[in-house]
Every structure is written in structure tokens, then in C-alpha cells.
Amino acid sequence: MQKSFALILFSLLFCLKIDAQEDTKFIDLSKTTKFIDTMFIDRDLNNWSVRAFSSFKEQRFDVDSDGNKYLYTPNNPYGVGFGVGTKKLILDFSFNIKASEVNPTERFDLSWSFFQKKHLFDFYFQNYIGFEILNENTDKTIFREDVRSLSSAFAYMYMFHEPEYSIASMKTGLISAKRSSFSFGLGGFLLYNKQNGNGSILPVEDTNSEDINNQIDEFKGTGIGMIVGFSTLIVLPKNFFVSINATPGVGIMRKYVASEDSGYHPKNPLVTQLGLSVLLGYDAKQYYLNLSLSNGYYATDYNFDNQVLFGYLNAKLVFGYKLKGKIKRNWKK
């Protein structure tokens with residue numbers, strides 16, 4: 001565990017230093033026989049690969065208020081990066097591409113997944129400052145550099161049928177699936193979300209500025225709930241495969257909404273969530289390609305008919321080169 005925390009701490013410091021967009025680790029221990037020392041470090045370089053990738057990553061939220069629907073999206077969502085991987089671990093670093101210095105979004109993203117036999121853990125943390133706000137009714141767009149959205153979630157899933165191949169292991173490109181499989185599970189999630197700004201996060205020019213229901217300077221909520229998981233891996237001809245995962249869920253959230261002069265706790269505690277992910281991959285002898293798409297959305301309200309939907313959307317295209325057959329000598333144990 002100390003090595004795991006050390007890796008995560010190093011990744012956090014590295015991301016902050018280089019303004020990285022993402023640090024992602026996928027760990028698969030379902031086929032690990034040596035738990036000590038080799039848990040994170042495979043000493044045989046023939047079992048390693050080097051990776052390059054491009055990514056799309058954004059945290060967004062939608063608000064329905066006073067007959068208007070607002071879409072909050074960050075700028076500069078694209079990134080490029082590199083990494084290394086083994087059958088047990090992938091460590092990727094990506095660099096955010098700022099196509100323009102006008103209205104950049106400041107961001108930090110961290111995601112982590114851990115898989116061992118029937119137990120699956122997922123965690124993400126996102127902090128974004130600066131959003132483009134689109135009124136979908138009028139097509140009017142403004143940029144608010146003061147609007148901040150912080151979101152973090154932890155999820156656990158117990159799989160009733162131990163999957164032979166996890167989506168985490170297939171992303172390494174070093175494990176080849178021989179047959180298709182399906183698994184089903186139950187679990188739960190913990191969620192924290194916060195949005196705030198210097199003044200109301202809703203554009204006051206589009207609303208009745210004297211209505212306290214439309215003056216939302218800050219929203220924060222902590223939720224807990226249950227999820228159901230469905231996962232399938234389909235082996236296709238010519239070394240292709242596809243993995244599809246879905247995790248719907250429902251829970252309760254303790255919420256607080258603040259305006260300039262007052263605050264209240266919304267009465268409706270209900271929060272619903274939906275997670276979807278797809279992985280399309282190609283596994284050749286010396287290299288591999290995979291395209292992953294994933295999102296997670298949580299829906300609740302600010303009360304007074306102000307509905308809010310917040311979540312993330314990620315995409316990554318990876319090219320990996322396997323070192324197998326290129327390394328003449330293993331590391332000394």
C-alpha cells in the first residue's frame with residue numbers, strides 16, 4: 001500500500017508541475033501469483049510496453065432554470081501524452097493542449113481503477129475553473145472565468161461471476177482474450193460535487209435577478225447510493241475486440257445552495273447516476289491500438305425546479321509498442 005500511495009502522490013505532484021490533464025492508473029491483480037515486490041513492478045522488461053496517446057477530457061454540467069437550459073463546458077479539452085504499461089499497471093501522463101490563450105480553462109484531473117478478482121474500485125477527482133456558458137434557448141454564449149466546478153466520486157463493484165478479462169487488463173494491450181465473456185455486479189458510490197462563482201453562476205441577464213431562486217452563488221452536495229453493473233467483452237475476428245460496460249444507480253444527497261444573502265437545503269434528496277464505457281481494441285504481435293470512451297453523469301436539482309446534471313466525458317486513443325522480443329536480458333531479481 002505504501003508503494004501505491006507513493007505512486008499516487010508522485011503522480012499528483014508531477015501533474016501539478018507540468019499542468020497535466022490526466023494521471024490514470026489501471027491495476028489488474030486477477031492473475032498475479034506473486035503479491036509482494038512484483039505487485040507493481042514486473043522485473044521482466046519483455047512484459048512491458050511503451051505508449052503514446054491523444055485524449056479528450058472534460059467535466060461539464062447542465063442547469064435547467066426559469067425556462068432556460070444552460071450548458072457549462074470547459075475550453076481546451078484536448079491533450080497528448082505518453083506512458084508505460086505492464087499486465088498489472090498502466091501509468092499515463094498527458095499534457096493539456098491550449099489551442100488559444102483566450103479564455104483558457106484551468107483544470108486538474110485524476111482517475112484511478114483497481115481490479116482484483118471479483119472486486120472493482122474506481123475513483124476520480126476533477127477541479128475545473130473557467131466555463132463557457134451556452135443558453136441553448138437563445139444560442140447566446142458567454143465565458144465565466146470565475147465559475148468553478150469540483151467533482152469527486154468513489155465507486156465499488158462486486159462481480160458475481162469472476163471475469164476472466166477485465167477492461168483494465170485489456171487496456172494494457174498485453175493480455176489477449178480467447179473468448180467472449182459477460183459479468184454482472186452490485187455495488188455502491190460516494191459522491192461530492194460543488195459549483196460556485198463570484199456571484200450567481202446563472203447568467204442574471206437571462207433571468208429575473210430579483211428572484212432568489214435564480215441567485216445561486218454556490219451549490220455543494222455529498223451523496224451515497226447503490227449501483228448495478230453490466231460488463232461484456234466480445235472477441236472479434238482479426239485480433240479485434242470490444243468491451244461495453246454500464247453502471248446505472250440511485251442514491252440520496254445532502255445538498256446546500258447559497259446566494260449572496262441566504263442559503264437553504266433543497267428538500268429533494270434524490271440523485272441518480274449513469275456510467276457508460278466502451279473499449280475498442282486491436283492486438284497485434286508487436287503493438288496494440290485501443291480507443292476508449294467513457295462518461296459518468298449524476299442528476300439532481302437545486303430545488304425550485306432548477307434541475308442540474310453534472311458529470312464527465314473522456315476519450316483516449318492509444319498506440320502501444322510491446323517490448324517483448326526486443327529485450328535480451330531480464331532485470332535481475
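Looking at the range 175-200, which of its residues are surrounded by 16 or more Cβ atoms within 10 Å (Cβ to Cβ) and not in a loop (DSSP other than H, G, I, E, B)?
Answer for the range 175-200, where residues must be surrounded by 16 or more Cβ atoms within 10 Å (Cβ to Cβ) and not in a loop (DSSP other than H, G, I, E, B): S181, S183, G185, G187, F189, L191, N193, K194, Q195, N196.
Against the definition (at pLDDT 75 or above and among the polar types (S, T, N, Q)), how does N127 come out, yes or no?
Values: at pLDDT 75 or above: yes; among the polar types (S, T, N, Q): yes.
Yes; evaluated as a whole, the condition is true for this residue.
Specify which of the listed residues (F121, F131, F82) is in a strand (DSSP E or B), surrounded by 16 or more Cβ atoms within 10 Å (Cβ to Cβ) and hydrophobic (A, V, I, L, M, F, W, C).
Numbers: F121 fails: surrounded by 16 or more Cβ atoms within 10 Å (Cβ to Cβ); F82 fails: surrounded by 16 or more Cβ atoms within 10 Å (Cβ to Cβ).
Checking each option against the conditions leaves just F131.
Can you tell me which residue among L279, L293, L236 is surrounded by 14 or more Cβ atoms within 10 Å (Cβ to Cβ) and free of Cβ contacts under 8 Å to residues at least 24 places away in the same chain?
L293 is the lone residue from the list that is surrounded by 14 or more Cβ atoms within 10 Å (Cβ to Cβ) and free of Cβ contacts under 8 Å to residues at least 24 places away in the same chain.
Just the residues that are closer than 19 Å to G173 by Cβ and part of a strand (DSSP E or B), please, taken from the range 232-247.
L233, I234, V235, F240, F241, V242, S243, I244, N245
Failed condition for I142, given (1) closer than 20 Å to L313 by Cα; (2) modelled with pLDDT of 85 or more, with all others met?
(1)
If I ask for residues that are out of contact with any Phe, Trp or Tyr (no Cβ under 8 Å at 6 or more places or on another chain) and either under 24 Å from S113 (Cβ atoms) or part of a loop (DSSP other than H, G, I, E, B) (or both), which ones from the range 53-74 would you list?
D66, G67
Being modelled with pLDDT under 85 and surrounded by fewer than 19 Cβ atoms within 10 Å (Cβ to Cβ) is the filter here; which residues of the range 296-305 pass it?
N303, F304, D305
The values are calculated or read from the model by the stated rules, or taken from the named source; none is laboratory data. Note that the structure is predicted; figures quoted are calculated from it, not measured. Neighbour counts are summed over all protein chains in view; Cβ atoms, including those assigned to glycine, are modelled from backbone coordinates with ideal geometry.
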